[in-house]
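The values are calculated or read from the model by the stated rules, or taken from the named source; none is laboratory data. If you're wondering where the values come from, they're calculated on a predicted model, not measured in any experiment. Every residue, glycine as well, gets a Cβ built from its backbone with ideal geometry; the counts of neighbours run over all protein chains shown. All accessible areas refer to the heavy atoms of the entire protein, side chains included, with ligands and DNA or RNA removed. Shrake-Rupley method; radii C 1.70, N 1.55, O 1.52, S 1.80 Å.
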Amino acid sequence: MPKIKTLSANLFSKRNKALLKELVKTEFKLRYQGSVLGYAWSLLKPLGLFSILYVVFVKFLDVGDAVPHFAVYLLLGIVLWTFFTEATNGALSSIVNRGDVIRKIKFPKYIIVISGTINALINLLLNLLIVIAFAFFTQCDIGIRSLIAPVYILELYLLALGLGLFLSALYVKLRDISHIWEVLMQGAFYATPILYPINIIIKQFQDKLWIPQVILLNPVAQVIQDLRYYLITTETVRTTDIVSSPYSYIPIFTVALVLVAGSLYFKKESKYFAEKI
């Protein structure tokens, strides 16, 4: 407990808050520097991907006919997944990319990783405004239950941060991890019910219900499905609808475990960053 309080105090000290703020601002400016549309790309990229996938999966393959407001349902999944990939991929190389700063200035190295994930979080919040606008335009059933949405966004952010801390420290020693992570993320994209409704998997494996249950025990899948329920339509299948307690809490425990393990591994390896970068 004292260690947690010390870490929190260090993070929110005036010096560290100022440094974090500057890193976030700098990274946000550099990301789209030189591009004609600038910050607009943070909105256009997920919208472009959504447009392509919507035409292919809805217009040609007729996926999602049974799901109310499937267009917004799909867009929300893409926006959340985009945040997760952006946060983890950005964090992965963040320490190595800031090697010159690490060698010259003494400061808590985790601030670099946090600044990258906060940038991804800012993009997510901007994209969620687009999703909410679409939801209102298509008359989705948005009610008081939508107020719980920040809790799920925080859950996804903490998962991305925990993975980001672990990956950034590992990348200093093993550069191949970037290629491995790219392949893993590509597989995870199709294993997560983003393009297709989970109802299809449930219907396909009625005699093997453990398959959709395992899919929804993935914290990313759980967050996406639950947010679809609270922001778009109550006809969405949530994790608790097919996974009984206490197993339905596995995603939350997984997030906590990843965050703690990632933090401890990062703290252990950060002592040698300046020597290995």
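Structure above, values below:
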item: Under 11 Å, Cβ to Cβ, from Pro212 - net charge with Lys/Arg +1 and Asp/Glu -1; result: +1
item: Cβ charges +1 (Lys, Arg) and -1 (Asp, Glu), total dipole of segment 104-216, debye; result: 460 debye
item: Cα-derived Rg over Rh, computed across segment 164-277 with Rh taken as Kirkwood radius; result: 1.09
item: Paired Rg and Dmax values of segment 88-238, which use every Cα atom, in angstrom; result: 18.4, 60
item: Segment 153-277, accessible surface, carbon-and-sulfur percent (1.4 angstrom probe); result: 64 percent
item: Of Lys45/Lys268; Lys208/Lys268; Lys208/Lys267; Lys45/Lys271; Lys45/Lys109; Lys17/Lys271, those spanning more than 32 Å from alpha-carbon to alpha-carbon; result: Lys45/Lys268; Lys208/Lys268; Lys208/Lys267; Lys45/Lys271
item: Proximal aspartates and glutamates to Lys276, defined as alpha-carbon separation beneath 16 angstrom and excluding residues fewer than eight positions away on the same chain; result: Asp100, Asp176
item: Local electrostatic count at Phe189 - Lys and Arg +1, Asp and Glu -1, tallied over other residues with Cβ under 14 Å; result: -2
item: Average accessible area per residue (Å²) across segment 170-232 - probe 1.4 Å, nucleic acids and ligands excluded; result: 50 Å²
item: Inverse mean reciprocal Cα-Cα distance (Kirkwood Rh) of segment 212-277, Å; result: 13.8 Å
item: Cβ-defined net charge surrounding Ile202, 14 Å radius [Lys, Arg +1; Asp, Glu -1]; result: 0
